[in-house]
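Presented below is the structure to which this report refers.
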Amino acid sequence: MELNVANTVKWMTLANEKIQENKTYLTELDQAIGDGDHGINMARGFQEVEAKITATDYDNVSDLLKDVSMTLLSKVGGAAGPLYGTAFLKLSMAVKGSETLDFPKFKSGLAEALAGIKQRGKAEKGEKTLVDVWEPLVDYLNGQNSFNAAGFESVAKEAMEATKDLEAKKGRAAYLRERSIGHLDPGSVSSFYIFSSLAEVLKEGD
Amino acid sequence: MELNVANTVKWMTLANEKIQENKTYLTELDQAIGDGDHGINMARGFQEVEAKITATDYDNVSDLLKDVSMTLLSKVGGAAGPLYGTAFLKLSMAVKGSETLDFPKFKSGLAEALAGIKQRGKAEKGEKTLVDVWEPLVDYLNGQNSFNAAGFESVAKEAMEATKDLEAKKGRAAYLRERSIGHLDPGSVSSFYIFSSLAEVLKEGD
Amino acid sequence: MKKIINDPNLVVRDMLDGFVAAYPREVRLLPGTTVIARVDAPAANKVGLVSGGGSGHEPAHAGYVGEGMLDAAVAGEVFTSPTPDQVLEGIKAVDAGEGVLLVIKNYTGDVMNFDMAAELAEAEGIRVEQVIVNDDVAVEDSSFTTGRRGIAGTVFVHKLAGAKAEAGGTLAEVKAVAEKTVKNVRSIGMAITPCTVPAARTPSFTLEENEIEIGIGIHGEPGIERKAIVSSDDIAAELTEKVLDDLKLETGSEVAVMVNGLGGTPEMELYIVNKKVNEILTSKGIRIYDTFVGEYMTSLEMAGVSVTLLKLDDELKELLDAKSKAPAFRC
Amino acid sequence: MKKIINDPNLVVRDMLDGFVAAYPREVRLLPGTTVIARVDAPAANKVGLVSGGGSGHEPAHAGYVGEGMLDAAVAGEVFTSPTPDQVLEGIKAVDAGEGVLLVIKNYTGDVMNFDMAAELAEAEGIRVEQVIVNDDVAVEDSSFTTGRRGIAGTVFVHKLAGAKAEAGGTLAEVKAVAEKTVKNVRSIGMAITPCTVPAARTPSFTLEENEIEIGIGIHGEPGIERKAIVSSDDIAAELTEKVLDDLKLETGSEVAVMVNGLGGTPEMELYIVNKKVNEILTSKGIRIYDTFVGEYMTSLEMAGVSVTLLKLDDELKELLDAKSKAPAFRC
Ligand SMILES: Nc1ncnc2c1ncn2[C@@H]1O[C@H](COP(=O)(O)OP(=O)(O)O)[C@@H](O)[C@H]1O
Ligand SMILES: Nc1ncnc2c1ncn2[C@@H]1O[C@H](COP(=O)(O)OP(=O)(O)O)[C@@H](O)[C@H]1O
Ligand SMILES: [Mg+2]
Ligand SMILES: [Mg+2]
Ligand SMILES: [Mg+2]
Ligand SMILES: [Mg+2]
């Protein structure tokens, strides 16, 4: 695998597409156990991400990911904004200096991103948050030596689906306590769109 | 005919009954071309009238009618309160001094009541108000030498029904202008209940 | 009908009790009446100012009782004018010998009940004057009918006449200010959802899911037109133009603006309306001296908005700026 | 969804424009931001007080900007915390060198975004302190979860910390007042109808025709219990008791009461609720120092009410009585 400027732009474009398509669905998931804005927030943020990165020339992936981070941070708001903003900032920092992102760098970058999310959100695995998709993916990559798009996507998908059975302990869904069980975590679903977009982009390149 | 204390109490009791039964209907009529409170207002007022006059001993009809007037005036509110209050006050004044109310006195009393309504409400016949029931009745009685319950009731009924085709020029329904046509005037309907109650009471006595 | 109430027939009593419980420093409820009066009524050496009307328009009218505005507000049943005996109690409670001005919204019921009360008060030797507010341009101003209704513009009459009375104006002077205000104030409203009189239990009217009504009255009386909902900008423009058509302001005129919520409309939407009202007036060279956005004259839980413009001169501006301690109009 | 709006995605911008258009003497909108600041910000020699949060809670928070309360309010999208860059603009605009206190409602998103803004401001050499408001007793106060939400009690924090800052308190002193207020304020809400986020177009939740929800959050977050509607007295009693269970007031304690409408509930009903709240407190020997009835912290057009009690001491009473020129809290 190699993430260069071109396919990172593709990744974000595809992620934006999926998020726009599923804007209502994400909002409905958030209406069930949150405040009904997750789809709206993510759609606004990724719209801006796409606008920003397609209008800018980048020398390297790090700068591109930094713009993704800053755009999400300043356009999404709510809980998702700082969390995704932090994650992409960490990813960007982890690959600083190199023009492209190879598998080892992606692996460590994602681990840094996860650490950033956990620190910012003070959440651990099993609390029905983004962490429940990001941590299984980091764990999975730790056992891999090269990028396997299908495997990556299926781990993301399973992790996302597994949030359904969890009781929320962090974020707005936590107010529901045991009544949060039986609903997917909206943020985990949007993370799944981001990761499945990445898998698709890299599949093409395989 | 002779209206004495006993059958005037009966009259008011029966009027109250009819108004309570038709409270929702009167309110619906007022919802259509007014503000939806006529049934509520009349029901509240006549409830109090019955309570007042059944708890009091009267020497004469005039005192009884004065209490009816005062109770309506202080309990009905809106447009109907002062109008009915004025009407019953004039009726009471017209029979002052005599223990009972014979046909000539009733006839002149009703004419005084009508004059009071017209003066208070500044309405003329044909403007879709109380006047459109009270004036035809006064006109009818002018041609009579004794009380004919059936005739009296049928004039009241026809007059009430005829308000349907009128365009309101006074009261809240006037804001609707030509759109008020096709709806009964709520106050004319409550007046009809009052007069048909009188007819029933006097029919019994015939 | 879902409402946070107890007995639908006792909403007015419950509300008045809860109102005086909230503002015991400013107001009191005259025992056995539905009259809310200034705690210090009759205020010495001062013309008394009394208003009132049906309930369901909160904060009108009790919310405008206080130093600098009304001396008493008389509450009727929901959407029903108060009765003459209650208005009389209000008049008697505030008369300090300087006379009393009644501010009446132009509805047949209100006019008749207040008029009878004035007759009774005069019979008791109290000087009483009346002013009728008729700011609603949705209704044709014809001498053959009942004329225009009184709606949110009434609040400005309370404010300006109240300030004049507080400043020591005579009965004639206070009345003149009230009449000048009436002459210079125009309003119009619109609704997107109806309201339900508690004791009636069913909505006073219905609107389709996508329908609005322009020119609605504050008791749900029908307006000018029903149509499919349009943007806030279009609504604001239509209401403002209708008011301007009637008020006829020259460039350079100064106005006070009131964007009034009818009860169910969130404040966010009122500000969105105000944005456009402000733009229109500014573009026409009309100076906005002050703006009031909020719920001033409501219609139970009806969702909708009214726009009021008051043309100002130096005297009215000074009275508008004067201090008021009324709970619903502190300035 | 019937609303008086233009583009559902632009409601916040439209609202802020309409807000500053209404109160140009008191506030201004920082160009290119969603920050409403005092017109004289940074107010010289004064600790800056900044709050904010998602929109849809009007008059919160912009309505509390003004002399004696906030120096700036940062608006997010509807029900969405504002972003760190916007909060940073607010902080920078109000810092007069005396430091800035952030008043944050306890939601994950708000805490994270304000926290990041604080980090950025500190990096620019501004002293920043934070206070987290968590008055909603509908939520368990557990250190294992996100803890209680911040709702209407936040307005008292703005008022009291604002008065302390206006009086010249240091950053530490203003923070101490805010923390004391947080410690002494408890609230709980209930809804009878849901609200609709404009851009979502469908209601955030549904309630049956006869159903109410106790403990609802101001973003429509689920509460404690759904049940068939009961009387206003029962609702008021349940809310008051739940607050008292948590606040534990002795006989003779003094409180401020806030009966807050969630947006769609008419003021009449708020007063009916206040009647019972007042009765309960009085019957328990709790002294009511002041009462606030109205819309202070809303949830779009949701119909419902929240009850807030603030336990007072002499310091807090003095601060509560201090002058405020904020458009939504004039006293
Ligand atoms: N403390 C946290 N740590 C990690 N993720 C979180 C945390 N709190 C919330 N989230 C994620 O954020 C999502 C909600 O995002 P969004 O709806 O945009 O924000 P908000 O809850 O402020 O409305 C949740 O579904 C969850 O995945
Ligand atoms: N000027 C008037 N003269 C005579 N009757 C009138 C007048 N105005 C209204 N009415 C009567 O009053 C009735 C309405 O009474 P009600 O609903 O109790 O009062 P409101 O219109 O104040 O709500 C109308 O149906 C009409 O018959
Ligand atoms: Mg959300
Ligand atoms: Mg009526
Ligand atoms: Mg009426
Ligand atoms: Mg949110």
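The values are calculated or read from the model by the stated rules, or taken from the named source; none is laboratory data. Quick caveat: nothing in here was measured; it's all calculated off a predicted structure. Every residue, glycine as well, gets a Cβ built from its backbone with ideal geometry; the counts of neighbours run over all protein chains shown.
Remarks
- Evaluating residue B:82 against the criteria (1) buried (at least 24 other Cβ atoms within 10 Å of the Cβ); (2) within 14 Å of residue C:81 (Cβ to Cβ); (3) more than 13 Å from the chain's Cα centre (by Cα) leaves one unmet condition, (3).
- Residue satisfying condition, being in contact (Cβ under 8 Å) with a residue 60 or more places away in the chain, outside the structural domain of residue D:105 (by TED's automatic domain parsing), more than 27 Å from residue D:55 (Cβ to Cβ) and buried (at least 24 other Cβ atoms within 10 Å of the Cβ), within set D:316, D:310: D:316
- Check on residue D:250, more than 7 Å from every other protein chain (Cβ to nearest Cβ), in a loop (DSSP other than H, G, I, E, B) and not aromatic (Phe, Trp, Tyr): yes
- Scanning segment C:1-35 for residues that are away from chain D (no Cβ under 11 Å) and hydrophobic (A, V, I, L, M, F, W, C) returns C:27, C:29, C:30, C:35.
- Of the residues C:50, C:78, the single one that is crowded, with 24+ Cβ neighbours inside 10 Å and more than 16 Å from ligand 2 (Cβ to nearest atom) is C:50.
- Residue B:45 more than 23 Å from residue B:200 (Cα to Cα) and either of a type in the set (Phe, Trp, Tyr) or crowded, with 24+ Cβ neighbours inside 10 Å (or both): no
- Boolean, residue B:60 is away from ligand 2 (no atom under 15 Å from the Cβ), out of contact with any strand residue (DSSP E or B) (no Cβ under 7 Å at 6 or more places or on another chain) and modelled with pLDDT under 95: yes
- Exactly one residue out of B:6, B:15, B:51, B:32 is more than 16 Å from ligand 1 (Cβ to nearest atom), part of a helix (DSSP H, G or I), over 13 Å from the mean Cα position of the chain (by Cα) and within 22 Å of residue B:153 (Cα to Cα): that is B:6.
- Of the residues contained in segment C:138-156, none is found to be in contact with a Leu (Cβ under 7 Å, 6 or more places away or on another chain), under 30 Å from residue C:269 (Cβ atoms) and surrounded by fewer than 24 Cβ atoms within 10 Å (Cβ to Cβ).
- So residue B:196, is it away from chain C (no Cβ under 13 Å) and within 16 Å of ligand 4 (Cβ to nearest atom): no
- Only one of the listed residues (C:43, C:117, C:73) is surrounded by fewer than 24 Cβ atoms within 10 Å (Cβ to Cβ) and away from ligand 3 (no atom under 16 Å from the Cβ). That residue is C:43.
- Answer from C:73, C:44, C:93, C:60 - the residue that is touching a His at 6+ places or on another chain (Cβ under 6 Å) and either over 22 Å from residue B:85 (Cα atoms) or of a type outside the set (Phe, Trp, Tyr) (or both): C:73
- Scoring residue D:74 on the criteria (1) under 23 Å from residue D:186 (Cβ atoms); (2) within 16 Å of ligand 1 (Cβ to nearest atom); (3) among the β-branched types (Val, Ile, Thr) leaves a single failure, condition (1).
- Failed criterion for residue A:75 (all others in (1) surrounded by fewer than 24 Cβ atoms within 10 Å (Cβ to Cβ); (2) basic (Lys, Arg); (3) farther than 17 Å from residue A:13 by Cβ hold): (3)
- Within segment C:76-112, if we keep just the residues that are acidic (Asp, Glu) and closer than 19 Å to residue C:179 by Cα, the residue that is nearest to ligand 3 (Cβ to nearest atom) turns out to be C:110.
- Residue within segment B:47-56 that is within 13 Å of another protein chain (Cβ to nearest Cβ), modelled with pLDDT of 95 or more and away from ligand 4 (no atom under 16 Å from the Cβ) present: yes
- If you filter segment B:61-83 down to residues that are within 16 Å of ligand 4 (Cβ to nearest atom) and assigned to a helix (DSSP H, G or I), you find that the one that is farthest from the other protein chains (Cβ to nearest Cβ) is B:72.
- Wholly enclosed helices (runs of 4 or more DSSP H) of segment B:84-188 bearing at least 2 residues closer than 30 Å to residue C:225 by Cα and either free of Cβ contacts under 8 Å to residues at least 40 places away in the same chain or within 14 Å of chain C (Cβ to nearest Cβ) (or both): B:149-162
- Across segment D:239-282, the qualifying residues are those that are among the charged types (D, E, K, R) and surrounded by fewer than 23 Cβ atoms within 10 Å (Cβ to Cβ), and the one among them that is farthest from residue D:308 (Cα to Cα) is D:250.
- Considering only residues in segment A:35-48 that are acidic (Asp, Glu) and within 16 Å of ligand 3 (Cβ to nearest atom), the one that is nearest to the chain's Cα centre (by Cα) turns out to be A:37.
- Neighbours by Cβ (under 8 Å, 6+ apart or cross-chain): first from segment D:258-278, within 7 Å of chain C (Cβ to nearest Cβ) and free of Cβ contacts under 8 Å to residues at least 12 places away in the same chain; second in a helix (DSSP H, G or I) and among the basic types (Lys, Arg): none
- Selection status of residue D:52, assigned to a strand (DSSP E or B), closer than 21 Å to residue C:269 by Cα and not assigned by TED's automatic domain parsing to the domain that holds residue D:298: yes
- All told, residue D:41 meets the bar of being away from chain C (no Cβ under 12 Å), at negative phi, of a type in the set (A, V, I, L, M, F, W, C) and touching a residue at least 40 places away in the same chain (Cβ under 8 Å).
- Annotation: of all residues in segment D:279-318 being acidic (Asp, Glu) and part of a loop (DSSP other than H, G, I, E, B), the one that is farthest from the other protein chains (Cβ to nearest Cβ) is D:313.
- Residue C:65 of a type outside the set (S, T, N, Q) and in contact with a Pro (Cβ under 7 Å, 6 or more places away or on another chain): no
- In the set (1) over 20 Å from the mean Cα position of the chain (by Cα); (2) within 16 Å of ligand 4 (Cβ to nearest atom), residue C:107 fails one condition alone, (1).
- Any hit, segment C:203-211, residues being touching a residue at least 24 places away in the same chain (Cβ under 8 Å) and of a type in the set (Val, Ile, Thr): no
- One residue from B:153, B:158, B:135, B:178 being modelled with pLDDT of 95 or more, closer than 30 Å to residue C:77 by Cα and more than 16 Å from ligand 1 (Cβ to nearest atom): B:135
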